[in-house]
Amino acid sequence: MSPFALWLDRISGVTTTTAVWGISLAGAVIYLFAEWRIRLIALLGQYFLIGVLFTRVFMQRPEMALLKMLVGWLVCGAIYLSARIRQDARVRRPKFQWQADLPFRVLSLLVMTVVSYMASQRFTLPFVPQSLALSCILLTVFALLFIGTADEAVVVGVGVLNLLAALDLFYSAQDPGLVVTGLLVMVNLLVGLAISYLTVVEVEETP
């Protein structure tokens, strides 16, 4: 086994429940904060925990879970470069800035999290363990929140990435095949490039 696979096997000791709620916490940070650096760190952590969940899916091939994690971090790198260009082209804002409609976001986040948990307890996804089902539902909910309340292209893109992660977990739990895994990896990379391009274009079009 390669050193990377051994390292991933060690971090798979993190419990599934911890990883699921860690993903939820990272999504909440992205949703509530306006500072792009904090959002990016949260997205990095979210992809790390998604990789931990994929170790439960690819138990015989942990390198596939590592691939999912690395692809997510590559996307974060592309977002970082475009965010730096965006920052240099615009007036600097104070760090650690909350969203303007913070009370609404906190209320909607709490309601949707409770609904997601109750849905995972009441309804079962076919061939998917309950803990992974909760992560799929939470990622889908965050995707809807990001896309529905976003005012920036990068946040919409993160919502699309969350939706792709939910679909990837759901499908891989039923059929962990290499063909679909490779296609989803390519789609994630293309979405990451699209986010970077749209972020830079958004800056250029701003008067």
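Identify all residues within the range 42-56 that are of a type in the set (S, T, N, Q) and modelled with pLDDT of 90 or more; write none if there are none.
Q46
Scan the range 145-190 residue by residue and report those that are under 16 Å from the mean Cα position of the chain (by Cα) and polar (S, T, N, Q).
N162, N188 - these are the residues of the range 145-190 that are under 16 Å from the mean Cα position of the chain (by Cα) and polar (S, T, N, Q).
Pick out the one residue from R86, R105 that is charged (D, E, K, R), under 30 Å from L70 (Cβ atoms) and touching a residue at least 60 places away in the same chain (Cβ under 8 Å).
Exactly one residue qualifies, and that residue is R86.
Conditions (1) modelled with pLDDT under 85; (2) in a helix (DSSP H, G or I); (3) in contact with a helix residue (DSSP H, G or I) (Cβ under 7 Å, 6 or more places away or on another chain), marked per residue:
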| position | (1), (2), (3) |
| --- | --- |
| A5 | yes, yes, yes |
| L8 | yes, yes, yes |
| I23 | no, yes, yes |
| R39 | no, yes, yes |
| Q60 | yes, no, no |
| K68 | no, yes, yes |
| R84 | yes, yes, no |
| R92 | yes, no, no |
| K95 | yes, no, no |
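Can you confirm whether R39 is touching a strand residue (DSSP E or B) at 6+ places or on another chain (Cβ under 8 Å) and either under 28 Å from T181 (Cα atoms) or of a type in the set (A, V, I, L, M) (or both)?
yes
In the range 134-182, which residues are in contact (Cβ under 8 Å) with a residue 12 or more places away in the chain and outside any helix (DSSP H, G or I)?
Within the range 134-182, E152, P176 meet the criteria.
What are the residue pairs meeting all of these: first residue in the range 183-203, first residue in contact (Cβ under 8 Å) with a residue 12 or more places away in the chain and aromatic (F, W, Y), second residue in a helix (DSSP H, G or I) and surrounded by fewer than 17 Cβ atoms within 10 Å (Cβ to Cβ), Cβ atoms under 8 Å, and 6 or more apart or on different chains?
none
Within the set of pairs 6+ apart or on separate chains, which have a first residue in the range 119-130 that is more than 16 Å from V141 (Cα to Cα) and touching a residue at least 12 places away in the same chain (Cβ under 8 Å), a second that is of a type in the set (S, T, Y) and surrounded by 11 or more Cβ atoms within 10 Å (Cβ to Cβ), and C-beta atoms under 9 Å apart?
Hits for this filter: P129/T16.
Filter the range 107-144 down to the residues that are of a type in the set (F, W, Y) and more than 13 Å from the chain's Cα centre (by Cα), then identify the one that is modelled with the lowest pLDDT.
F127
The values are calculated or read from the model by the stated rules, or taken from the named source; none is laboratory data. In this text the structure is predicted, and so the values were computed from the model without any measurement. As a convention, Cβ positions derive from the backbone with ideal geometry for all residues, glycine included, and neighbour counts pool all protein chains shown.
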